[in-house]
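Take a look at the structure below.
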Amino acid sequence: MADRTQRRTGPKRKYKPVIEETAQSHIPIHGRGASWSPANRFEKLHIADVDVDLDDEQGRPQRTTQFFRDGSKTIISHNNSPDVGFETSLNPYRGCEHGCIYCYARPTHEYLGFSAGLDFESKIMVKTDAPELLRAELESARWKPQALVMSGVTDPYQPIEKKLKITRGCLEVLAKFRNPVAIITKNRLVTRDVDLLRELARYNAAAVNISVTSLDSKLQRVLEPRTSPPSARLETVAQLRSAGIPVGVMVAPIIPGLTDHEVPKILEACGKAGAQFAGYTIVRLPWAVAPLFEHWLEEHFPERKEKILGRIRHLRGNGKLNNSKWHTRMTGEGIFAEQIASLFEVSRCRAGIGKRPQLSVASFQRSTTQLNLW
């Protein structure tokens, strides 16, 4: 989705919480990326949520997940960003259990009155009517057939999907209409839907992007706590390729000073697993994500914190941790950005990985039959 800051006029606002505060937690919460909840930038009332629900068997703090029904009346989102590579997306959920600490979508939870911190990964909005809403929108004559991306601000295969099967329901609709879809996920659960993806692939209408940030499982467990481990993601690439489904890798996000050195190995491993195309993005830290990420570094990598933050500021070209300027927000700018771009391109070629395929709308079909008037 396009950053809302791009549609404003006048000077850009600097992130500033309603209440000046420091992190509420000094210890990581088991299974969570964030360990505190910054104040919502839109709310004047902020309740400091410092308590966790219970301790696990090893005495570590935990936070249980809550699910709420989302009553949205439409399901397809549109954007005009020149950076994301697509115009329409479909998000079966709001918030994401995966808990990736760097997730640029965290601030979207503030529009719901929640926090971008623990709330984003523990208070999940569920769009139970998504398949029906999608069917209605595709059936409408107003729908111009085009590729849909699942998802823009959440992972369609986060853990609750195994039970609710909302994403699968949407894929069933897309397969019926033969509308092309590109999926981005960190979860091997996508292999459950090989039958539907294979059907769409028959019409050049499906592609799956497996996001791989690191091959280090220890880093993955604290960086992306509820995602599939790196080995499982490589296995997912292999399974999808063997099933005849176009599959690629997103090396995303690249975090300078923490994961950038892994780019060649990630592409090599994914290439051997069967990845056919690849892309990358640089870490983005909009709004409350910046203080959340800074605190996460203090908890897990205090000795590398200043180096990592310094590199990010240099990449952003403005001395800050984020720059929402179009055309550079995904790749950064300056010498470090150029080095990463060159490293990625050379490594991609060495791994024998191509570029993203163009999906086709040629086979799109509606079920509604128009009556002919004579």
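Points worth noting:
- Note on the chain: GNM, Cα springs under 10 Å; of P302, P291, P225, the largest mean-square fluctuation is that of P302.
- Solvent-accessible area per residue for the range 258-298 (1.4 angstrom probe, square angstrom): 29 Å²
- Each peptide in 267-274, 341-348, 359-366 receives the mean, over its residues, of other Cβ atoms within 10 Å, and ordering these scores from highest gives 267-274, 341-348, 359-366.
- Over 22 Å apart at the Cα level, from the set K163/K186; K127/K163; K144/K165; K127/K176; K265/K355; K123/K165, are K144/K165.
- Three-way shape call for the range 221-374 based on the alpha-carbon gyration tensor, with the a/c threshold at 1.5: prolate
- Charges were assigned to the Cβ only: +1 to each Lys and Arg, -1 to each Asp and Glu. The resulting dipole of the chain about its Cα centre is roughly 1100 debye.
- Of the residues H46, H30, the one with the largest accessible area comes first in the ranking H30, H46, computed with a 1.4 Å probe on protein heavy atoms.
- Förster-model FRET efficiency, 41 Å R0, A243 and E43, C-beta, rounded to 0.05: 0.35
- Whether the range 94-224 is rounded, prolate or oblate, judged on the alpha carbon gyration tensor where a/c under 1.5 counts as rounded: oblate
- The chain, relative contact order [Cα under 8 Å, separation at least 6], %: 17 percent
- Taking the accessible area of the chain, probe 1.4 Å, and keeping the other protein chains in place, the carbon and sulfur fraction comes to 51%.
- FRET efficiency for R192 and Q66, using Cβ-Cβ distance with R0 set to 25 Å, rounded to 0.05: 0.55
- Helix-only arithmetic for the chain: the sum of -39500 (n - 2.57) across DSSP H runs with n ≥ 4, divided by the residue total, places the mean residue ellipticity at 222 nm at -8500 deg cm²/dmol.
- Backbone N under 12 Å from the R202 label point (7 Å along Cα→Cβ), restricted to the range 164-183: 175-176, 178
- Surface listing: S242, S367 arranged by accessible area from highest to lowest gives S242, S367, probe 1.4 Å.
- Backbone geometry of the range 186-196 corresponds, through the Karplus equation with coefficients 6.51, -1.76 and 1.60 at θ = phi - 60°, to 3J(HN,Hα) couplings of 10, 10, 5, 4, 4, 5, 4, 9, 4, 4, 6 Hz, x marking Gly and Pro.
- Estimated FRET transfer efficiency when R0 is 45 angstrom, pair S360-R221 (beta carbons, to 0.05): 0.70
- By a 1.4 Å probe calculation restricted to protein chains, D119 has an accessible surface near 20 Å², given to the nearest 10.
The values are calculated or read from the model by the stated rules, or taken from the named source; none is laboratory data. Keep in mind the model is a prediction, meaning the values are calculated, not measured. Cβ coordinates were reconstructed from backbone atoms using ideal geometry, including for glycine residues, and neighbour counts include every protein chain displayed. What goes into the accessible areas is simple: the full protein's heavy atoms, side chains included, and nothing from ligands, DNA or RNA. Shrake-Rupley method; radii C 1.70, N 1.55, O 1.52, S 1.80 Å.
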